[in-house]
Amino acid sequence: MSDYVIPQPPTATIPVVGGGAFPVRRVYCIGRNYAAHAVEMGHDPDREPPFFFQKNPNNLDASGNFPYPPHSSDVHHEAELLVALKSGGTNIALEDALDHVWGYGVSLDMTRRDLQGQAKKMGRPWEIGKAFERSAPVGPLKAVAETGHLDAGRVEMKVNGELRQEGDMNQMIWKVPEMIAYLSDYFELAAGDVILSGTPAGVGPVERGDVMEVYIEGLDTLTVKVV
Ligand code: MN
């Protein structure tokens, strides 16, 4: 028996390859973490300090369908490696950062680019462009014990079989341990936190009926239909 005055909302989870589920506490996303993507978005790819935004845990969706969201006519795909933490803390040292990783997954940071663009122009927050319902399709996670740490390897994103995004995880401007250490200086990281690690170049729009496929070396292909 709890004292909750309304029914308890469900805990957001990501399925795990081979069974079980990973409960999600927070979702951090890094912006412009591949130089070629920074350039395509009109920015200097120099190593400026990283910046992050957040999605909501229940924006993660492993259903394999992505409902085209309202109030946008320019919804873009961003294929990203997801890093899932089993522990956290503050002021985590770079050399300890990977000890906090439980596993890795494939994700899409779906973006209402038109609404994000308006928000940028007006100096407003990005949530309306980034943190909408089911805005983060995900595939099942794999444990580090199975994959090792993923610091290099191909990232490919196809729409209807046509290659749209291509890169290598070794092209990340801020590497996974650096993102964990940096975030932990500003926030208290904890078990259940996940980080979407940025997208390579080639982002672009999708339409209802499109089939999106994301391949990240070491993980299983994520297939998502736009509905
Ligand atoms: Mn992104």
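Contact map, the range 202-216: first residue under 12 Å from Glu162 (Cα atoms) and at pLDDT 95 or above, second residue of a type in the set (Val, Ile, Thr) and surrounded by fewer than 16 Cβ atoms within 10 Å (Cβ to Cβ), Cβ cut-off under 9 Å, separation 6 or more or different chains; pairs are Val211/Thr223; Met212/Thr223; Glu213/Thr221; Glu213/Thr223; Val214/Thr221; Val214/Thr223.
Look at His76 and say whether it is surrounded by fewer than 21 Cβ atoms within 10 Å (Cβ to Cβ), within 14 Å of Ala131 (Cα to Cα) and within 16 Å of the ligand (Cβ to nearest atom). It is true that His76 is surrounded by fewer than 21 Cβ atoms within 10 Å (Cβ to Cβ), within 14 Å of Ala131 (Cα to Cα) and within 16 Å of the ligand (Cβ to nearest atom).
What about Val144, is it touching a residue at least 40 places away in the same chain (Cβ under 8 Å), within 17 Å of the chain's Cα centre (by Cα) and farther than 14 Å from Val206 by Cβ? So Val144 does not fit the description; no.
Does the range 196-211 include one or more residues that are away from the ligand (no atom under 14 Å from the Cβ) and touching a Leu at 6+ places or on another chain (Cβ under 7 Å)? So far as the range 196-211 goes, no, none of its residues is away from the ligand (no atom under 14 Å from the Cβ) and touching a Leu at 6+ places or on another chain (Cβ under 7 Å). Of all the listed residues (Val101, Val106), the sole one being touching a strand residue (DSSP E or B) at 6+ places or on another chain (Cβ under 8 Å), within 16 Å of the ligand (Cβ to nearest atom) and of a type in the set (A, V, I, L, M) is Val106. Cβ-Cβ contacts under 6 Å between residues 6 or more apart (or on different chains), taken from a first residue in the range 95-118 that is within 19 Å of Glu156 (Cβ to Cβ) and assigned to a helix (DSSP H, G or I) to a second residue that is among the aliphatic types (A, V, I, L, M) and within 15 Å of the ligand (Cβ to nearest atom), are absent. Among the residues of the range 183-195, those identified as out of contact with any Leu (no Cβ under 9 Å at 6 or more places or on another chain) and part of a helix (DSSP H, G or I) are Ser184, Asp185, Tyr186.
On inspection, Ala181 passes the criterion of being crowded, with 16+ Cβ neighbours inside 10 Å, modelled with pLDDT of 95 or more, out of contact with any strand residue (DSSP E or B) (no Cβ under 8 Å at 6 or more places or on another chain) and among the small types (Gly, Ala, Ser).
Test Asn91 against the stated conditions and say whether it is farther than 16 Å from Arg26 by Cα, loosely packed, with under 14 Cβ neighbours inside 10 Å and in contact with a strand residue (DSSP E or B) (Cβ under 6 Å, 6 or more places away or on another chain). The answer is no for Asn91. Checked across the range 168-179, the condition of being of a type outside the set (Val, Ile, Thr), assigned to a loop (DSSP other than H, G, I, E, B) and touching a Lys or Arg at 6+ places or on another chain (Cβ under 9 Å) holds for at least one residue. Can you tell me which residue within the range 6-44, out of those that are hydroxyl-bearing (Ser, Thr, Tyr) and within 16 Å of the ligand (Cβ to nearest atom), is surrounded by the fewest Cβ atoms within 10 Å (Cβ to Cβ)? Taking the candidates together, the pick is Tyr28. Would you confirm whether or not the range 45-64 contains a residue that is within 16 Å of the ligand (Cβ to nearest atom), at positive phi, modelled with pLDDT under 95 and in a loop (DSSP other than H, G, I, E, B)? The answer is no, given that none of the residues of the range 45-64 is within 16 Å of the ligand (Cβ to nearest atom), at positive phi, modelled with pLDDT under 95 and in a loop (DSSP other than H, G, I, E, B).
The values are calculated or read from the model by the stated rules, or taken from the named source; none is laboratory data. All values reported here derive from a predicted model rather than from experimental measurement. Positions of Cβ are backbone-derived with ideal geometry, glycine not excepted, and every protein chain shown enters the neighbour counts.
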